[in-house]
Amino acid sequence: MTATSSQSRKLPGVDQEGSSTQRFLQIAFIWHIIVSIAALVGLVYLWTSNVEFPVWQRVVASVIAVILGVASGFASPLIRSRDHRGRVLSLGVNYFGFLLLLLSSMHLFGIFTGIDALANTFGRGVPFIGFLVSGYLINGFGERAEKYPARQRLLRQIGNVIMGLSLIGFLFAIGLLQGVIAILVQVNTPRNIALALGVLLFGAFAWFMWRGNVAKAMHESSDDLEMLNGYLFLSPNLLGFLFFFAGPLLLSLYVSFTNADGFGNQEWVGLANYGEIFNLDFARLASPDQAANEVLDITVYDELWRFSIFGSSFVIGAQDKLFWIALRNTLVFVLSAVPFSVIPALFLANVLNSGIPGMRFFRAVYFIPSVAAVVGVALIWQWLYNSTVGWINYFIMTVVEGINSITTAGLLTDPQIGWLSDTNVALFAVVIIAAWQWLGFNTILYLAGLQNIPKSLYEAASIDGANAWNQFWRITVPLLGPTTFFVVSTTTIQAMQVFDQVFVLTRPPGGPGTSTTTMVLYLYSQGFRNFRQGYASSIAWVLFILILGLTLVQFQRQRAAEAA
Amino acid sequence: MQSSMRLNTLLKNTVVYIVLGLFAGVMVFPFLVMLFTSLKVVEDTYNFPPRLLPRQQITMQVDGFEEPLPLYYVDQDAQRSEYVLIERSVRVANYAEPDDMATTYLREVDQVTPTGGEAAPQTIMVDGEEEELFDIEVDGQIIPMIVESRTALGRFADPNDLNTTVLQNVRLSEPVEKLTYTFDSYQEVTELHAMGRSLSNTALVTIGVVLGQLITSILGGYAFARLRFPGRDKLFVVYLATIMIPFVVLITPLYQLMVTIGWVDRLAALIIPWIFTAYGTFLMRQAFLAIPNEIEEAAILDGASRFQILRRIFLPASTPAIAALATFTFLYAWNSFFWPLVVINSGNESNRVLTLALNVLGGRAADSPNLVLAGAAIAVLPPVLIYILGQRFFVESATSTGLKG
């Protein structure tokens, strides 16, 4: 390893500040005063101008302005007194300001939306990617020729040249030149010039403040360096995480208390959405077949379910009947897809683990469905499920005919299942696809779990006379407990959110009728078909609480099983 | 004793292989159906019983005809021969004597003349209706008959002797077929249904998401694993807590965010939000924690910067973890459907990713399974091929991340 540092921090000598460093720190002192004043001016403008900003944008911008202004105001005197905290503050302000302005200009100059144009020209660059890979391969080939340093160096150089050239070729092929020109052309309005200038200024101050001679002049400690590095390394991740994840997450909770429609209109409605979801009514029927409208307020409630117990009949009405149907469908799906994809996986993993030759091949084959896109898989199965010319009904017919020809004629009749048109079967058709696709994945998890069970346990059990069946139940299953917990809970979480399969397989999605409408599908249709996004958000939170609850219950049981 | 045990093992292994093979068949069969159906012509997809391999009717160039003619089986006198179809619909009729309608004679309508000539056709009253009479020749005798029923048949000819012809129902005739394949479905799907552009979109999105996520996860993971700074552990707890949260909770607010910043219908919305993930960061942190401290300390004493340490020491030492994260992210980005469905409007054909285009194709070409499954193959095969090449990383990704695509 060669560690060559460009920073002069560790070099001996130069005890007194260089004159250029001093001059820079003087400029930085003034710069931070300017930034503070600018932040103040911006703040005032934000709250007094006639331009209408949405409230939340105003609040976010104000918070940023206050933080930048205050930090910059503190940095200024601290830089003057050569306090190391001044440099930290200054770096924070300049780096953050740089990123903020850079991203805003990228946004305003249309660089993010320009990705669309890039997709159009992207195909032209594909051959260059091939060259790039070949360069990388030549380079890697060079690494192997360790015995011949000269040849190794030559191969590496050739590889690097090819990689460099193909990268340049790629960038030009996909329209780098046009892109750069398109960006530069936009720097002509006062606002855009100011933005570009701001990016350059903040960037330059951050860079010079970071450099070794300034660090030395500002008495940087090694803790400072580590902290700055920490924030620097984390910053891209953290900012994106806050903006695209944490922020929307909080927003989601807020939206679930509004009647947002997805077009910017929203009003606070409190718990109304949750109230609508859970609004149920319960009434006693005079007779089991009494019409529901005689006992329920049908302007609010739809009949959900009726049942008889202890000689009396009851009916349950729901304000949002479809939600409860979706909930039931989802639970039925989970309760069938999880066992169907976990139990065969446990079985297959044990068979594969017996050490027979060809285990790797089978493991590889079982995993193939897991890597395929659900949309593609659903379309394949749609064809297999075809009720007249599909393979599945053909297989069933063949088996039925086979059995009939062996036994006395006509014992079984060919069911001719309408997999996707029969309301009683459609959900099960989705279960089969999901179980088929998740089976291989679960098998691999179980295989990994099996490798951790010590062989000596089985040997000891064999000596004690336990047969394979006993060994499986007494050793394998208990010791696979943690794996089973993991497999079952991840599969459950995934199954609770089933969407793609249903959406593609059934037409219209969720059909026939409401027989395959799942929670997420219902959420989607409320949020993006009916544009009741507030309501959709409440459904999402209910689903989340359900998933969390299920996981916690499993976790508790797992803990209890381990303790026992 | 010994031989019975060996027999026992042999029997056991056979059973094991049959079970494993059966499951392997179930896993692979749908993909085989996809591949072979995509190589078929549409007429070949609706057979019953269903056939796996693609077949096409044999055609033959015959003198006197510009187009090649299709070949069919013709059964004559318990003998089966291959004839070409030279005329698709020949108008024919069954003729019968008015007082013996049970015995019919099949004749071509064009070769039959009305009794009494074209000028003065004769008629006869049958069951109160007036029927035309035609001269039909039977065994050299000409008998006036009426039409019992009309239909159209195909005229098939012996390709070696075009004068030997047979009339036969075309739809009930069994075509002479050969095993063959055609890539026309792929061409039609990429050109007419814009799957080519979708493929390019998906490739760009996937590359962007994988590279972006690797960069932010590696940098963030290193900071969490090896750098001390105030608030680090609290932040990490927040990151960990969010891993549990299902995506559906985020979908409406994230959509509203995209509306606010104008990314609805834009590929940027499919890339940028997905390059910052708590999970990737967590994964890289765990991998970096496993690297001994001493190497890093020695490098710092040598004056290496943190970035150099990350690049020279941590990256090479964590290649398996990085590859696992890349694999997982690749699958996730390539196969994702829900978010693109929400954010890319269905009318926007040029910004569709593969999964979206495939969904549209599934509805639009529902009666051409060869097209739908060719589209499915375009979406499904790249990950499968990459999986076959880099199987190790996929399996590692599965066991180390435990996440499903």
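Values in this text are rule-based calculations from the coordinates and carry no lab data. Small disclaimer: the values here were computed from a predicted structure and weren't measured. Cβ: placed from backbone, ideal geometry, glycine included. Neighbour counts: every protein chain shown.
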Sorting check: for B:345-357, A:62-74, A:471-483, which peptide has the highest mean count of neighbouring beta carbons within 10 Å, and how do the rest follow? B:345-357, A:62-74, A:471-483
Longest segment of chain A with no GluC sites (Glu not before Pro) in a DSSP loop having at most 15 other Cβ atoms within 10 Å? A:268-564
Over the stretch A:198-301, what is the relative contact order in percent, taking alpha-carbon pairs closer than 8 angstrom and at least six residues apart? 11 percent
Which whole-number percent gives the relative contact order of chain A, counting Cα pairs below 8 Å spaced six or more residues apart? 13 percent
State log₁₀ I(q)/I(0) for the stretch A:22-157 at q = 0.14 Å⁻¹ as given by the Debye formula over alpha-carbon point scatterers of equal weight, solvent excluded. -0.78
What does the average come to when, for each residue of peptide A:246-255, you count the partner chain Cβ atoms lying within 10 Å of its Cβ? 5
Given points 7 Å out from each Cα along the Cα-Cβ axis, report the A:ASN424 to A:ALA563 separation in nanometres with one decimal. 4.5 nm
For chain B, with a Gaussian network of springs between Cα atoms less than 10 Å apart, report the residue from B:GLN141, B:GLN286, B:GLN213 with the top mean-square fluctuation. B:GLN141
For chain B, set up a GNM with springs between Cα atoms under 10 Å and report which of B:ASP139, B:ASP44, B:ASP158 has the largest fluctuation. B:ASP139
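Evaluate peptide A:280-291: per residue, the Cβ atoms of other protein chains within 10 Å of its Cβ; return the mean as an integer.
If you average over the peptide's residues, the count of other-chain Cβ atoms is 0.
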Take the alpha carbon gyration tensor of the stretch A:382-473, find the square roots of its eigenvalues, order them as a ≥ b ≥ c, and report rounded if a/c is under 1.5; if not, report prolate when a/b exceeds b/c, else oblate. oblate
Dipole in debye (nearest 20) - the protein assembly as shown, about Cα centre, beta carbon charges: Lys, Arg +1; Asp, Glu -1: 7280 debye
Helix A:84-108 axis, angle to chain A major axis (alpha carbon atoms, nearest 10°): 60 degrees
Highest average packing first - B:262-271, B:45-54, Cβ atoms within 10 Å: B:262-271, B:45-54
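Is there a simple number for the mean count of other chain Cβ atoms within 10 Å of the Cβ of residues in B:308-316, and what is it?
Values: counts 6, 3, 2, 0, 3, 2, 0, 0, 1.
Per residue, the average neighbour count from other chains is 2.
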What do you get for the angle between helix B:369-389 and the principal long axis of chain B? Use alpha-carbon atoms, 0 to 90 degrees, nearest ten. 30 degrees
Of the residues A:PRO339, B:LEU371, A:VAL389, the Cα lying farthest along the dipole of the protein assembly as shown towards its positive end, which is defined by charges on the beta carbon of Lys, Arg, Asp and Glu, belongs to A:PRO339
Go ahead and estimate [θ] at 222 nm for chain B from helices alone: -39,500 (n - 2.57) per DSSP H run with n ≥ 4, summed, over the residue count, rounded to 500. -15500 deg cm²/dmol
Give me the dipole magnitude in Debye, nearest 20, for the stretch B:254-317 about the Cα centre, with unit charges on the beta carbon: positive for Lys and Arg, negative for Asp and Glu. 200 debye
Can you sort B:LEU310, B:LEU69 by how many other beta carbons sit within 10 Å, fewest first? B:LEU69, B:LEU310
So what's the net charge close to A:PHE241: Lys and Arg +1, Asp and Glu -1, counting the other residues with Cβ under 15 Å from its Cβ? +3
Mean separation of Cα contacts under 8 Å (6+ apart) over length of chain B, as relative contact order %: 18 percent
Which of B:GLY280, B:GLY140, B:GLY390 ends up with the largest GNM mean-square fluctuation for chain B, with Cα atoms connected below 10 Å? B:GLY140
Env charge @ A:ALA318, Cβ radius under 14 Å, K,R +1 / D,E -1, value -3
What angle do you read, to the nearest 10 degrees and between 0 and 90, between the alpha-carbon axis of helix B:248-260 and the longest principal axis of chain B? 90 degrees
Does the stretch A:202-357 come out rounded, prolate or oblate, given a ≥ b ≥ c as the square roots of the eigenvalues of its C-alpha gyration tensor, rounded meaning a/c under 1.5 and, failing that, prolate meaning a/b above b/c? oblate
Indicate the gyration tensor shape class of the stretch B:198-251 (rounded, prolate or oblate), computed on the Cα atoms with a ≥ b ≥ c the square roots of the eigenvalues: a/c under 1.5 is rounded; otherwise a/b larger than b/c is prolate and the rest oblate. oblate
May I ask you to list the aspartates and glutamates whose Cα is less than 12 Å away from that of A:LYS321, ignoring any residue fewer than eight positions away on the same chain? A:GLU276, A:ASP281, A:ASP302, A:GLU303
For chain A, whose charge dipole is built from +1 on Lys and Arg Cβ atoms and -1 on Asp and Glu Cβ atoms, the candidate among A:TYR254, A:ASN160, A:PHE323 with its Cα farthest towards the positive end is A:ASN160
Once you list every other residue whose beta carbon is under 14 Å from the beta carbon of A:LEU352, what net charge do they have if Lys and Arg are +1 and Asp and Glu are -1? +2
Taking the alpha-carbon distance from A:LYS455 and a cut-off under 16 Å, which aspartates and glutamates remain once sequence neighbours fewer than 8 residues away in the same chain are dropped? A:ASP464
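Roughly how big is chain A's charge dipole about its Cα centre, with Cβ charges of +1 (Lys, Arg) and -1 (Asp, Glu), in debye to the nearest 20?
2140 debye
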Among B:VAL62, B:VAL33, B:VAL15, which residue has its Cα positioned farthest towards the positive end of the charge dipole of chain B, with +1 placed on the Cβ of Lys and Arg, -1 on the Cβ of Asp and Glu, and the dipole taken about the Cα centre? B:VAL15
